[in-house]
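Colleague: The structure follows.
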Amino acid sequence: MKIDDRRKFLAGVLCFGILLLAAVPALAQVFGKTYEDILDRAKKEGELRLWWEVPGERGLGEQFEAAFKKRFGFTPRVSLTPVTSPDSILRFLTEVKVGRVDADLLYAGASDIAGRPERLALFEDIDTPLVKIFSPKFKGVEGVLKNVAAWKRPYSVDVTTLASGIVYNTKRTSADQLPRTYAEFAEGKGFADPKWKGNFAINTIGPASPLADMAIHGYWDIEKQKKVLQMLLANKPLIKRSSGDVRMAVALGEVAAATANIGGTEGLRKEGYPIQTKLFEDVMIVGSIGLTIPKGAKSPNLALLYLAFILEDGLPLVERINGEGTFVDPRSQLAKTLKAMPTAKILEWTAEEIVAGQRDKVRKALQALMP
């Protein structure tokens with residue numbers, strides 16, 4: 001073959017190769033490029049490994065299944081692992097170290113992911129497809145995404161708000177007998193008042209402190225927090241392991257009231273328990289938990305579709321059945337309640353504070369005082 005002919009031949013091969021590459025989808029494309037493409041891939045993936053406690057509560061899974069089928073025309077196989085945060089993220093990180101990815105859709109706080117490049121690298125960008133593909137189609141998705149803080153995206157989207165205040169047993173006390181502000185506690189009032197001795201409950205340190213339940217972190221310095229905690233402990237509280245245990249203690253009438261995360265109280269009330277909530281008027285702590293999709297998921301498109309479904313149809317179901325909402329969802333009662341409290345200061349740990357160890361510093365300091 002002559003040199004000129006060889007050059008023509010190589011040029012032809014190169015052009016053909018370029019055309020061939022252009023016709024082949026990128027191997028790195030995890031999610032479909034259109035709604036129809038994602039739906040088609042999701043049907044083929046078939047099974048979703050979901051790490052989230054909520055669908056296992058009060059028959060919610062059955063209602064999710066019916067609503068999903070109505071929306072998308074098929075029912076996926078859901079392998080549910082009920083986990084709480086931060087247990088879910090700790091388990092996930094541990095398994096990744098040994099090469100396992102057992103979750104397609106993971107319950108995790110954005111604060112435990114953002115600000116840590118080594119962790120961020122383990123999760124998919126879910127914000128881009130949710131905004132470009134699902135927001136124009138689903139207004140519920142659009143409404144939630146508008147209210148999710150920029151630092152939480154693009155790897156996580158809020159589905160639960162852990163709002164803290166007071167829970168009380170309506171047969172043992174009334175709203176007008178409860179503290180109005182948490183500032184009262186520092187004055188020796190509130191649950192530090194002798195009249196509440198032995199008749200209130202607090203949470204132990206961990207993952208949230210009893211004072212975190214009262215919205216004190218980031219508002220009082222550690223020394224002031226220590227002083228208030230010591231006054232509370234001197235007043236003989238019932239000490240429970242978690243906010244969930246605290247709520248149940250109040251629901252069962254072990255004590256009249258407690259500082260607690262109010263989520264789930266509505267669900268207990270619907271089951272017949274005499275329990276109600278009251279928010280502090282001056283300040284409130286919120287802790288947001290979200291869902292995210294890890295890289296290496298076996299069913300990424302089904303996970304993305306299910307996440308869009310949760311934001312569109314699932315969050316209203318969760319609130320109606322469990323009484324748990326998220327303030328980033330403008331449809332929720334919690335969002336409306338917070339909007340009606342313009343003077344309350346809303347506090348939440350930021351990613352920067354957590355990475356800097358601020359949260360752990362407070363927990364450690366208060367833990368030393370616990371019996």
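The values are calculated or read from the model by the stated rules, or taken from the named source; none is laboratory data. Everything numeric in this text was worked out from a predicted model, so none of it was measured. As a convention, Cβ positions derive from the backbone with ideal geometry for all residues, glycine included, and neighbour counts pool all protein chains shown.
Colleague: Any chance the stretch 94-110 includes a residue that's under 20 Å from the mean Cα position of the chain (by Cα) and under 18 Å from Leu317 (Cβ atoms)?
Modeller: Yes - at least one qualifying residue is present in the stretch 94-110.
Colleague: Let me confirm something: among Ser85, Ser135, which residue is crowded, with 17+ Cβ neighbours inside 10 Å, hydroxyl-bearing (Ser, Thr, Tyr) and within 19 Å of the chain's Cα centre (by Cα)? Steps first, please.
Modeller: Numbers: Ser135 fails: within 19 Å of the chain's Cα centre (by Cα).
Being crowded, with 17+ Cβ neighbours inside 10 Å, hydroxyl-bearing (Ser, Thr, Tyr) and within 19 Å of the chain's Cα centre (by Cα) holds for just one of Ser85, Ser135, which is Ser85.
Colleague: Anything in the stretch 184-198 that is surrounded by fewer than 19 Cβ atoms within 10 Å (Cβ to Cβ) and over 31 Å from the mean Cα position of the chain (by Cα)? List them, or say none.
Modeller: First, pick out the residues of the stretch 184-198 that are surrounded by fewer than 19 Cβ atoms within 10 Å (Cβ to Cβ): 184, 186-189, 193-195, 197-198.
Passing the criteria: Glu187, Gly188, Lys189, Asp193, Pro194, Lys195, Lys197, Gly198.
Colleague: Now for a different question. Would you call Val255 part of a helix (DSSP H, G or I) and either at positive phi or touching a residue at least 12 places away in the same chain (Cβ under 8 Å) (or both)? Don't jump to the end; show me each part of the working.
Modeller: On the way: part of a helix (DSSP H, G or I): no; either at positive phi or touching a residue at least 12 places away in the same chain (Cβ under 8 Å) (or both): yes.
For Val255, the condition - part of a helix (DSSP H, G or I) and either at positive phi or touching a residue at least 12 places away in the same chain (Cβ under 8 Å) (or both) - is not met.
Colleague: Name every residue in the stretch 52-77 that is closer than 17 Å to Glu312 by Cβ and in contact (Cβ under 8 Å) with a residue 40 or more places away in the chain, in order of residue number.
Modeller: Trp52, Val54, Leu60, Gln63, Phe64, Ala67, Phe68, Arg71, Phe72, Pro76
Colleague: Name every residue in the stretch 236-252 that is of a type in the set (A, V, I, L, M, F, W, C) and either in a loop (DSSP other than H, G, I, E, B) or in contact (Cβ under 8 Å) with a residue 60 or more places away in the chain (or both), in order of residue number.
Modeller: Ile239, Val246, Val250, Ala251, Leu252 - these are the residues of the stretch 236-252 that are of a type in the set (A, V, I, L, M, F, W, C) and either in a loop (DSSP other than H, G, I, E, B) or in contact (Cβ under 8 Å) with a residue 60 or more places away in the chain (or both).
Colleague: Taking the stated definitions as given, is Pro129 touching a residue at least 12 places away in the same chain (Cβ under 8 Å) and more than 28 Å from Glu57 (Cα to Cα)? If you could, list the steps in order and put the result at the bottom.
Modeller: Numbers: touching a residue at least 12 places away in the same chain (Cβ under 8 Å): yes; more than 28 Å from Glu57 (Cα to Cα): yes.
Yes.
Colleague: Condition test on Gly290, is it crowded, with 23+ Cβ neighbours inside 10 Å and farther than 26 Å from Glu47 by Cα?
Modeller: Working: crowded, with 23+ Cβ neighbours inside 10 Å: yes; farther than 26 Å from Glu47 by Cα: no.
When the stated conditions are applied, Gly290 does not pass them.
Colleague: Among the residues of the stretch 242-300, write down those that are aromatic (Phe, Trp, Tyr) and either at pLDDT below 90 or in the same structural domain as Leu311 (by TED's automatic domain parsing) (or both). So that I can check it myself, show each step before the final result.
Modeller: Restricting attention to the stretch 242-300, the residues satisfying the condition of being aromatic (Phe, Trp, Tyr) are 273, 280.
Phe280 - this is the single residue of the stretch 242-300 that is aromatic (Phe, Trp, Tyr) and either at pLDDT below 90 or in the same structural domain as Leu311 (by TED's automatic domain parsing) (or both).
Colleague: Turning to a different aspect of this structure: Answer with yes or no whether Phe191 is aromatic (Phe, Trp, Tyr), touching a strand residue (DSSP E or B) at 6+ places or on another chain (Cβ under 7 Å) and in a helix (DSSP H, G or I). Spell out the reasoning first.
Modeller: Numbers: aromatic (Phe, Trp, Tyr): yes; touching a strand residue (DSSP E or B) at 6+ places or on another chain (Cβ under 7 Å): yes; in a helix (DSSP H, G or I): yes.
Here the answer is yes, as Phe191 does meet what is asked.
Colleague: Looking only at the stretch 88-119, count every residue that is modelled with pLDDT of 90 or more, of a type outside the set (Phe, Trp, Tyr) and surrounded by 14 or more Cβ atoms within 10 Å (Cβ to Cβ) and tell me the total.
Modeller: The number of residues fulfilling the criteria is 11.
Colleague: Moving on. Among (1) within 30 Å of Lys195 (Cα to Cα); (2) among the acidic types (Asp, Glu); (3) modelled with pLDDT of 90 or more, there is one condition Asp313 misses while meeting the rest; what is its number?
Modeller: Condition not satisfied by Asp313: (1).
Colleague: Can you pull out every residue in the stretch 24-69 that is modelled with pLDDT under 90, surrounded by fewer than 12 Cβ atoms within 10 Å (Cβ to Cβ) and within 23 Å of Thr160 (Cα to Cα)?
Modeller: Within the stretch 24-69, just Gly59 meets the criteria.
Colleague: With the checklist (1) farther than 30 Å from Gly143 by Cβ; (2) in contact with a helix residue (DSSP H, G or I) (Cβ under 7 Å, 6 or more places away or on another chain) in hand, flag the one item Ser164 doesn't pass.
Modeller: The one condition Ser164 does not meet is (1).
Colleague: A further question on this structure: Quick check: anything in the stretch 277-284 crowded, with 24+ Cβ neighbours inside 10 Å, part of a loop (DSSP other than H, G, I, E, B) and over 18 Å from the mean Cα position of the chain (by Cα)?
Modeller: Filtering the stretch 277-284 down to residues crowded, with 24+ Cβ neighbours inside 10 Å leaves 280.
Adding the requirement that they be part of a loop (DSSP other than H, G, I, E, B) leaves 280.
From what is left, the residues that are over 18 Å from the mean Cα position of the chain (by Cα) are 280.
Yes; the residues of the stretch 277-284 include at least one that is crowded, with 24+ Cβ neighbours inside 10 Å, part of a loop (DSSP other than H, G, I, E, B) and over 18 Å from the mean Cα position of the chain (by Cα).
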